[in-house]
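Peer 1: This is the structure, below, for whatever I ask next.
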Amino acid sequence: MEDPETAGADTDISTMSFEQALGALEEIVQQLERGDVPLDRSITLYERGEELRKHCQARLDSAQKRIERIVADQSGQAVGTRPLDEEV
């Protein structure tokens, strides 16, 4: 059985799905919020948490770029795309 203090600590972040990385980040936050983690371990957890946060942000940014709206000219021809949530 895996120790909850080190669960996923050796998993390569670049291979994690968004959901896996977010779950690992949430576990780290819970450990740090408890306040019973030694200083050196807290620093290690914080560093891993920052890497997980960056990974999650990159995955979100990538997903956002993929969600685009096709832009048509007055004749109805597609002329490009723009972000789906951009105001017209």
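The values are calculated or read from the model by the stated rules, or taken from the named source; none is laboratory data. Values in this document were obtained by computation on a predicted structure and should not be read as measured data. Here the Cβ is made from the backbone with ideal geometry for all residues, glycine too, and neighbour counts use every protein chain on show. To get the accessible areas, we keep the full protein, side chains included, count just its heavy atoms, and leave off ligands, DNA and RNA. Shrake-Rupley method; radii C 1.70, N 1.55, O 1.52, S 1.80 Å.
Peer 1: Please determine, by comparing only the residues of region 51-78 that are open to solvent by less than 50 Å² (accessible area, probe 1.4 Å) and assigned to a helix (DSSP H, G or I), which one is farthest from residue 12 (Cα to Cα).
Peer 2: Ranking the candidates gives 63 first.
Peer 1: So for region 35-50 (the condition being outside any helix (DSSP H, G or I), surrounded by 10 or more Cβ atoms within 10 Å (Cβ to Cβ), at pLDDT 80 or above and in contact with a helix residue (DSSP H, G or I) (Cβ under 9 Å, 6 or more places away or on another chain)), does at least one residue qualify?
Peer 2: yes
Peer 1: Moving to a separate point now. Condition first: loosely packed, with under 15 Cβ neighbours inside 10 Å and among the polar types (S, T, N, Q). Now tell me which residues in region 16-34 satisfy that.
Peer 2: Within region 16-34, 17, 30 meet the criteria.
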